[in-house]
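Trainee: Just dropping this structure here.
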Amino acid sequence: MLPLNHARQWRVASLVMILLVLVSALMPAIWFFDDKKSVLSWLDHADKWLHATTFMILSLWFAGQYRPRSYWRIAIGLMMFGLFIEFCQRLVSYRMADWADVGANTIGIIVGLLIALAGAGGWCLRVENWHAARQSRA
């Protein structure tokens, strides 16, 4: 982990994010439309984008707290989390496990870590430094 002054708070926020993703992945779908068939056909494609985007955000989140040499651990941990979500979805009657979701998760993880390697990694430390500088001026 990076030398963060508020590491405990970052960890708590990370746990909250992971739990929110898990809960939302296991919630029953709520339909606000009368024509479920047209919504479902649109959702087939949007679902994969949602998986990829969610795991890209998660990988960027964790890349903000860890050094680049730990990115492979982030990738493995998030891939395991994605598999766990699919396993849990298989256990409930109102959700479906899908290998394509695992693929979308993996693409999101790769894209997120590439963005982190391109310069977005370690953002938590920059946020803390910015906040500390702002507090010292006040």
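Trainee: Return one number: the angle in degrees, 0 to 90 and rounded to the nearest 10, between the long axis of the Cα atoms of helix 71-91 and the longest principal axis of the Cα atoms of the chain.
Mentor: It is inclined by approximately 30 degrees.
Trainee: Have a look at Ala118, Ala13, Ala104 and tell me which one the Gaussian network model of the chain (Cα, springs below 10 Å) gives the largest fluctuation.
Mentor: Ala118
Trainee: Here's something else I'd like to know. Given the -39500 (n - 2.57) contribution per DSSP H run of 4+ residues, what per-residue ellipticity at 222 nm results for the chain, rounded to the nearest 500 deg cm²/dmol?
Mentor: -25000 deg cm²/dmol
Trainee: I've got another one for you. I'd like the orientation of helix 7-26 relative to the chain: the angle between its Cα long axis and the longest Cα principal axis, in ° from 0 to 90, rounded to 10.
Mentor: It is inclined by approximately 10 degrees.
Trainee: For the chain, with every protein chain kept in place, what is the accessible area per residue (1.4 Å probe, Å²)?
Mentor: 67
Trainee: Please report, as a whole percent, how much of the solvent-accessible surface of the chain comes from carbon and sulfur atoms (probe radius 1.4 Å).
Mentor: Carbon-and-sulfur percentage of accessible area, whole number: 69.
Trainee: Of all the stretches in the chain, which is the longest one without any exposed loop site, taking chymotrypsin sites (Phe, Trp or Tyr not before Pro) in a DSSP loop (any state but H, G, I, E, B) with at most 14 other Cβ atoms within 10 Å?
Mentor: My reading of the result: 34-93 is the longest stretch.
Trainee: Hey, of [x] 52; [y] 61; [z] 58, which did the structure itself give for percent of Cα pairs over 18 Å apart when calculated?
Mentor: Of the listed options [x] 52; [y] 61; [z] 58, [y] comes from this structure.
The values are calculated or read from the model by the stated rules, or taken from the named source; none is laboratory data. All of these numbers come straight from a predicted model, not from anything done at the bench. Every residue, glycine among them, receives a Cβ derived from its backbone with ideal geometry; neighbour counts consider all protein chains shown. Only protein heavy atoms, including side chains, enter the accessible area calculation; ligands, DNA and RNA are left aside. Shrake-Rupley method; radii C 1.70, N 1.55, O 1.52, S 1.80 Å.
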